[in-house]
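The values are calculated or read from the model by the stated rules, or taken from the named source; none is laboratory data. No experiment lies behind these values; they were computed from the predicted model shown. Neighbour counts are summed over all protein chains in view; Cβ atoms, including those assigned to glycine, are modelled from backbone coordinates with ideal geometry. For the accessible areas, the whole protein counts, side chains as well, though only heavy atoms, and no ligand, DNA or RNA atoms are used. Shrake-Rupley method; radii C 1.70, N 1.55, O 1.52, S 1.80 Å.
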Amino acid sequence: MTPSLWTRLSNPTHFMRWSGRLTPWLAGLSVATLAAGLYMTFFTVPPDYQQGETVRIMYIHVPAAWLGVFFYGAMSLSAIGTLVWRHPLADVAQRAAAPIGAAFTLVCLVTGSLWGKPMWGTYWVWDARLTSMLVLLLIYCGLIALWRTIEDPNRAARAVAILTLVGAVNLPIIKFSVNWWSTLHQPASILRMGGSTIDPSMLYPLLVMIGAATLSGVTLHLYTMRTEVMRRRVRTLTIREAERLDRGQARIVPAPMPVAQPL
């Protein structure tokens, strides 16, 4: 039963079929959840007793940070699938996740800077958490550039997979940087021993926004994977058509030129 399921999951045709049915439902659920989360963020969440209204940036900043790390983790799993099992969809999933993860990481850094200005008095400090997130964005950009640099898709997939696994060492640094070094960034507030330190009136809307952002990110990922599969199919058909035309041209033998007879 497991090999059959694995075979189906590795078949791009099966993926295109079930993802085509699933993505509209995911998109609708994402829009509904995001609308509910935004309503709670701007109309029901009370101002913080110290940060005031600027605390609302948290409801964009935290989900973006989570998805920036989440998509790199997904890329690392896809890299293992490419190198170990040669899964046909592993490189597709990895390539589709890179620009989405980079976009969320950029949103995290921008919103963090806007939030840091009134709290820390500056837009940027070389804080351990901020610096490690900046490194994550640079890794994303490097992987995207590497895909575009290597023309052979198989060589590009292997090279990017190796570099992705090397860059995965940054993920625990991001997670535990606030514990390993003295930083301005606050420690873990949601998932921690002893429970969350956030008041329920702020915690539940934040969880809704994290769920909405996750659904939106997964939906975008599936749509991007579908686009990548279709792009590769078009590329394959184009190459086959070019080879067919080349073979057809090779079969055409020009007629010999008549030899002039001496007078």
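Test Gly167 against the stated conditions and say whether it is over 19 Å from the mean Cα position of the chain (by Cα) and either surrounded by 17 or more Cβ atoms within 10 Å (Cβ to Cβ) or at positive phi (or both). Walk me through it before giving the result.
Numbers: over 19 Å from the mean Cα position of the chain (by Cα): no; either surrounded by 17 or more Cβ atoms within 10 Å (Cβ to Cβ) or at positive phi (or both): yes.
So Gly167 does not fit the description; no.
Taking the condition acidic (Asp, Glu), in a helix (DSSP H, G or I), open to solvent by less than 30 Å² (accessible area, probe 1.4 Å) and within 30 Å of Thr13 (Cβ to Cβ), does Glu243 pass?
no
Rundown of residues vs (1) buried (at least 18 other Cβ atoms within 10 Å of the Cβ); (2) under 30 Å from Val229 (Cβ atoms), yes/no style:
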site	(1), (2)
Gly37	yes, no
Pro46	no, no
Met58	yes, no
Ala64	yes, yes
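Please go through the stretch 39-66 and give me each residue that is assigned to a helix (DSSP H, G or I) and either without any contact (Cβ under 8 Å) to a residue 40 or more places away in the chain or among the polar types (S, T, N, Q) (or both), ordered by number.
Result: Tyr39, Thr41, Phe42, Phe43, Thr44, Glu53, Thr54, Arg56.
What number of residues within the stretch 126-155 satisfy the criterion of being free of Cβ contacts under 8 Å to residues at least 12 places away in the same chain and farther than 21 Å from Phe70 by Cβ?
9
Going through Leu83, Leu138 one at a time, which residue ends up being within 16 Å of the chain's Cα centre (by Cα) and over 18 Å from Leu207 (Cα atoms)? Walk me through how you get there before you give the answer.
Values: Leu83 fails: within 16 Å of the chain's Cα centre (by Cα).
Result: Leu138 is the single residue among Leu83, Leu138 that is within 16 Å of the chain's Cα centre (by Cα) and over 18 Å from Leu207 (Cα atoms).
List the number of the failed condition for Ala96; all other conditions in (1) within 30 Å of Gln186 (Cα to Cα); (2) touching a helix residue (DSSP H, G or I) at 6+ places or on another chain (Cβ under 8 Å) hold.
Among (1) within 30 Å of Gln186 (Cα to Cα); (2) touching a helix residue (DSSP H, G or I) at 6+ places or on another chain (Cβ under 8 Å), the lone unmet condition for Ala96 is (1).
So which residues in the stretch 123-157 are of a type in the set (Lys, Arg) and out of contact with any helix residue (DSSP H, G or I) (no Cβ under 7 Å at 6 or more places or on another chain)?
Once the filter is applied, which keeps residues that are of a type in the set (Lys, Arg) and out of contact with any helix residue (DSSP H, G or I) (no Cβ under 7 Å at 6 or more places or on another chain), the stretch 123-157 yields Arg148, Arg155.
What are the residues in the stretch 170-197 that are surrounded by fewer than 14 Cβ atoms within 10 Å (Cβ to Cβ) and either charged (D, E, K, R) or part of a helix (DSSP H, G or I) (or both), if any?
Pro172, Asn179, Trp180, Arg192
What do you reckon, is Arg95 among the basic types (Lys, Arg), modelled with pLDDT of 90 or more and either crowded, with 20+ Cβ neighbours inside 10 Å or not in a helix (DSSP H, G or I) (or both)?
Yes; evaluated as a whole, the condition is true for this residue.
Just to be sure, is Leu89 in contact (Cβ under 8 Å) with a residue 24 or more places away in the chain, open to solvent by 10 Å² or more (accessible area, probe 1.4 Å), within 20 Å of the chain's Cα centre (by Cα) and closer than 21 Å to Gly211 by Cα?
Against the criterion (in contact (Cβ under 8 Å) with a residue 24 or more places away in the chain, open to solvent by 10 Å² or more (accessible area, probe 1.4 Å), within 20 Å of the chain's Cα centre (by Cα) and closer than 21 Å to Gly211 by Cα), Leu89 does not qualify.
Any residue at all in the stretch 208-220 that's at negative phi, assigned to a loop (DSSP other than H, G, I, E, B) and surrounded by 12 or more Cβ atoms within 10 Å (Cβ to Cβ)?
Taking the stretch 208-220 as the starting set, the residues that turn out to be at negative phi are 208-220.
Imposing the further condition that a residue be assigned to a loop (DSSP other than H, G, I, E, B) reduces the set to none.
No; the residues of the stretch 208-220 include none that is at negative phi, assigned to a loop (DSSP other than H, G, I, E, B) and surrounded by 12 or more Cβ atoms within 10 Å (Cβ to Cβ).
Say we look at the stretch 149-164 and pick out the residues that are at pLDDT 90 or above and open to solvent by 80 Å² or more (accessible area, probe 1.4 Å); which of these is nearest to Ile239 (Cα to Cα)?
So, considering only residues that are at pLDDT 90 or above and open to solvent by 80 Å² or more (accessible area, probe 1.4 Å), the one nearest to Ile239 (Cα to Cα) is Arg155.
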